[in-house]
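Asker: Pasting a structure here, questions to come.
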Amino acid sequence: MIMNKEQYRNKRSQYEKYVVMAHSQTHQLGLNYMSYLMFKELAEVIDKIANTASDSNQYLHGNEMYEKKITQSEALRILDNIYNGEWNATTAKCLLVANQIGMNIKR
C-alpha cells in the first residue's frame with residue numbers, strides 16, 4: 001500500500017512533529033530529545049491552565065500557585081497548535097508560562 005503525503009503526515013509521532021516545528025517554524029526550541037521532554041512537560045502545565053475555571057486567574061503547578069500568564073482559551077489554542085505541530089504567535093505564548101515556572105526550553 002502506498003501512502004500519500006497527507007496520510008504520512010498524520011502518522012507522525014508527537015516527537016517528529018516537535019522536531020519539525022522546532023527546526024522549520026521556530027528557532028527558539030532545542031532540537032534534542034531532552035528539549036522535547038521539557039516541552040512535553042510544559043504542554044502538561046498548559047493543559048492544567050486549559051482545564052482550570054475560566055474565571056480563575058491562578059493554577060497549581062508543583063505545589064505552587066501561579067498567576068495565569070495566558071487565558072484558558074489561549075491555552076486550548078496552544079495545545080491544539082502543539083498537537084498539530086504548528087508554531088505561530090499564539091503558540092509562542094507558551095514561552096511565557098515556561099519562564100514563569102522556571103523552565104528553560106529555549107536553545
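Asker: Output the number of residues of segment 57-75 satisfying the condition of being in a helix (DSSP H, G or I) and either within 10 Å of the chain's Cα centre (by Cα) or of a type in the set (D, E, K, R) (or both).
Answerer: Count: 2.
Asker: Same structure, new question: Counting just the residues of segment 89-103 that are without any contact (Cβ under 8 Å) to a residue 40 or more places away in the chain and not in a helix (DSSP H, G or I), which one comes out surrounded by the most Cβ atoms within 10 Å (Cβ to Cβ)?
Answerer: Among them, the one singled out is 93.
Asker: If you go through segment 9-32 one residue at a time, do you hit one that is part of a helix (DSSP H, G or I), within 16 Å of residue 101 (Cα to Cα), in contact (Cβ under 8 Å) with a residue 40 or more places away in the chain and not charged (D, E, K, R)?
Answerer: no
Asker: Just to be sure I understand the filter: pairs with C-beta atoms under 7 Å, separated by 6 or more residues or on different chains, first member in segment 38-60 and more than 26 Å from residue 18 (Cβ to Cβ), second member assigned to a loop (DSSP other than H, G, I, E, B) and of a type in the set (D, E, K, R). Which pairs pass?
Answerer: What qualifies is 57/68; 58/68.
Asker: Further question on the same structure: For segment 82-107, which positions are under 16 Å from residue 23 (Cβ atoms) and in contact with a helix residue (DSSP H, G or I) (Cβ under 6 Å, 6 or more places away or on another chain)?
Answerer: Result: 82, 85, 87, 91, 105.
Asker: Residues being surrounded by 11 or more Cβ atoms within 10 Å (Cβ to Cβ) and in a loop (DSSP other than H, G, I, E, B): count how many of those fall in segment 33-56.
Answerer: Summing the residues that are surrounded by 11 or more Cβ atoms within 10 Å (Cβ to Cβ) and in a loop (DSSP other than H, G, I, E, B) in segment 33-56 gives 2.
Asker: Taking only pairs six or more apart or across chains, which ones have beta-carbon atoms under 6 Å, a first residue in segment 68-88 that is farther than 19 Å from residue 53 by Cα, and a second residue that is assigned to a loop (DSSP other than H, G, I, E, B) and among the hydroxyl-bearing types (Ser, Thr, Tyr)?
Answerer: Correct list of pairs: 87/26.
Just so you know, all these numbers are worked out from the coordinates, no wet-lab data involved. Since this is a predicted model, take the numbers as computed values, not measurements. Counting neighbours? That spans all protein chains shown, and the Cβs are built from the backbone with ideal geometry, glycine included.
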